[in-house]
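Student: Below is a structure I'd like to ask you about.
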Amino acid sequence: MTGTAERAARIMARCDALAVYSIEPGAITRPYGTPALTAAMDDVAAWMRNAGMTTRRDAIGNLIGVYDAAPDVPSPQTFLIGGHLDSVRNAGRYDGILGVLSGVAAVERLHARGTRLPFNVMVVAFVDEEGLRFHTTYLGSRAFAGTFDDAMLEVTDSEGRSLADVIRANGRDPGDIPAGAQDPASFLGWVEAHIEQGPVLEAADLPVGVVQAIVGGTRAAITFRGVAGHAGTVPMGNRHDALCAAAEFVLAVERVAGTRAGMVGTVGQLEVEKASSNVIPGEVRLTLDLRHHVDTTRAEAERELRDAAREIADRRGVALDWQEVQGYACTVCDLDLTAALARAVERAGIAPRRLPSGAGHDAVTLSAVMPVAMLFVRCRGGVSHNPAESITESDVAVTCQVLDNLLDDLAREHA
Ligand code: GLV
Ligand code: MN
Ligand code: MN
């Protein structure tokens, strides 16, 4: 049962099975450090072991499965395939999951045939790519790559729990994170199969495509602090309404991003502190997510938005606090590994269309320590970060074929 069709059917069934693990009934919401994520990790670990892999969890909780190289290979290097199992709030069932399960499926074929490669195959399920809980992305892959900043341990979630506390509550020791980082010298590269989350492949009638680059992004946490007051008694001219300031800023984001080709800007979260219908909002917190494929253009737009926020705050007599939570540069995928992936696509009978990724991926972090490449898989209507995310089993079968081709080619190259 290891043909591409059988494995694709199994991947689809497993995506459905994992979709039940959530902290919210009726939706897929799987933030870092929750029992829902642990349950998903446990199922995937069992599938990995069935495929002949040894499994472990590292200090931040990433699940790592290893299918050993042929025993006669001295000091084998490691090729990595994977994705993430955490999700946004009310997510679809494929974002991140497909990368992990297609990696497991690639190893299932090797295991069923008793084939060992001249390198280890490691399948990694990262614990936090989305940043839902702490508003900062790539916690798992940063720990894995050795680029984790200890200051991150003090960031808190919406309930005031620090990352360090959450790690401990899951039975792990934050102090072990540096030691858990992998030796970059051993890595041959990383490939992730991920839904496109955009319309290009569907429009081109292609099941898969090859990612050229992942755009850079900025995440900021912004607070406007005005003066809370009685909604019935404070005249309009005397108000310092934090929500009115935030509303102006939200529209400034739309304007600044909308006037630069290729830029996207989003205020995805907006919280009114101690909100009541008859109280003038005294404090509003919001998030900014700004992306562009040219880092200098993103930096320039960020400056313009900071200036806009400052002007709005001064004019309205409210205080402004701007914390840059994260900035990551545009990542160009590795040319050689991407060329190898494109050849694997061609051998599957598909024209290797190249396309950029507007979404962030763990490859951004991993590119600091190894060559990275990504395969995009067509998704219906380009819809993602939405329960309506949809892919076809036949496109997943193509995905399996491409990964098989890639592993076979790399095995020949390293024989
Ligand atoms: C992750 O999906 C991101 O691009 O924010
Ligand atoms: Mn996502
Ligand atoms: Mn993803």
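The values are calculated or read from the model by the stated rules, or taken from the named source; none is laboratory data. Here the structure is a predicted model, which is why all the values come from computation and not from measurement. Cβ: placed from backbone, ideal geometry, glycine included. Neighbour counts: every protein chain shown. Please note that ligands, DNA and RNA were not included when accessible areas were found on the heavy atoms of the full protein model with its side chains. Shrake-Rupley method; radii C 1.70, N 1.55, O 1.52, S 1.80 Å.
Student: If you take the alpha carbon radius of gyration of the chain and divide it by 2.2 N^0.38 Å, what ratio comes out, to two decimals?
Tutor: Numbers: Rg = 22.7 Å, N = 415, 2.2 N^0.38 = 21.7 Å.
In units of the globular-protein estimate, the chain measures up at 1.04.
Student: Any idea how far apart Val383 and Asn50 come out in nm if each label point goes 7 Å out from Cα toward Cβ?
Tutor: 3.0
Student: Nearest 5 percent is fine: what portion of the DSSP beta bridges confined to the stretch 14-157 is antiparallel?
Tutor: 60
Student: Right, another one. What do you get for the angle between helix 335-347 and the principal long axis of the chain? Use alpha-carbon atoms, 0 to 90 degrees, nearest ten.
Tutor: Its long axis makes an angle of about 60 degrees.
Student: Roughly how big is the chain's charge dipole about its Cα centre, with Cβ charges of +1 (Lys, Arg) and -1 (Asp, Glu), in debye to the nearest 20?
Tutor: That gives the chain a dipole magnitude of about 420 debye.
Student: Evaluate the relative contact order of the chain (contact order divided by residue number), counting alpha-carbon pairs under 8 angstrom at least 6 apart; express in whole percent.
Tutor: Once normalised by length, the contact order is 21 percent.
Student: Report the one residue of Ser102, Ile350, Ser186 whose Cα lies farthest in the direction of the positive end of the charge dipole of the chain (charges on C-beta: Lys and Arg +1, Asp and Glu -1; origin at the Cα centre).
Tutor: Farthest towards the positive end: Ile350.
Student: Can I ask one more? Given R₀ = 22 Å, what would the calculated FRET efficiency be for Thr296 paired with Gln212, taking r from the Cβ atoms and rounding to 0.05?
Tutor: 0.70
Student: Taking the Cα centre of the stretch 216-328 as origin and charging only Cβ (+1 Lys, Arg; -1 Asp, Glu), how large is the dipole, in debye to the nearest 20?
Tutor: Working: 14 positive and 16 negative charges, 21 e Å.
Roughly 100 debye, rounded to the nearest 20.
Student: How would you rank 206-213, 262-269, highest first, on the average number of other Cβ atoms within 10 Å across their residues?
Tutor: The packing order, highest mean first, is 206-213, 262-269.
Student: At 1.4 Å probe size, with every protein chain present, just tell me what the per residue accessible area of the chain comes to in Å². Walk me through the intermediate numbers first.
Tutor: Working: 16720 Å² over 415 residues.
Accessible surface, normalised per residue, equals 40 Å².
Student: Further question on the same structure: Whole Å is fine, so just give me how far the alpha carbon centre of the stretch 280-306 lies from that of the stretch 73-142.
Tutor: After rounding, the separation between the Cα centres reads 31 Å.
Student: Taking the alpha-carbon centroid of each part, what is the distance from the stretch 23-67 to the stretch 203-254 in angstrom?
Tutor: Comparing the Cα centres of the stretch 23-67 and the stretch 203-254, I get a distance of 33 Å.
Student: May I pose another question? For the stretch 216-328, what ratio Rg/Rh do Cα atoms give with a Kirkwood hydrodynamic radius?
Tutor: Rg/Rh: 1.02.
Student: Further, regarding this structure: Report in % the part of the accessible area of the stretch 120-254 that belongs to carbon and sulfur, leaving out ligands and nucleic acids; probe 1.4 Å.
Tutor: Percent of accessible area from carbon and sulfur atoms in the stretch 120-254: 52.
Student: Extending each Cα 7 Å along its Cβ direction at Ser75 and Trp322, get the distance between those two points in nm, one decimal.
Tutor: Modelled inter-label distance: 4.9 nm.
Student: Separation between the Thr266 and Ala231 pseudo-spin-labels, each 7 Å from Cα along Cα→Cβ, expressed in nm?
Tutor: Result: 3.0 nm between the two label points.
Student: May I pose another question? Of Leu366, Gly65, Leu270, which is farthest on the positive side of the dipole of the chain, counting Cα position, with +1 on Lys and Arg Cβ, -1 on Asp and Glu Cβ, and the Cα centre as origin?
Tutor: About the Cα centre, the residue reaching furthest to the positive side is Leu270.
Student: List the trypsin sites (Lys or Arg not before Pro) within the stretch 189-294 that fall in a DSSP loop (any state other than H, G, I, E or B) and whose Cβ has at most 10 other Cβ atoms within 10 Å.
Tutor: Listed in order of number, the matching sites are Lys274.
Student: Residue by residue through the stretch 144-156, which ³J(HN,Hα) values in whole Hz follow from phi under the Karplus form 6.51 cos²θ - 1.76 cosθ + 1.60 (θ = phi - 60°), with glycine and proline marked x?
Tutor: Here the 3J(HN,Hα) series is 4, 7, x, 10, 6, 9, 4, 4, 4, 4, 8, 5, 10 Hz.
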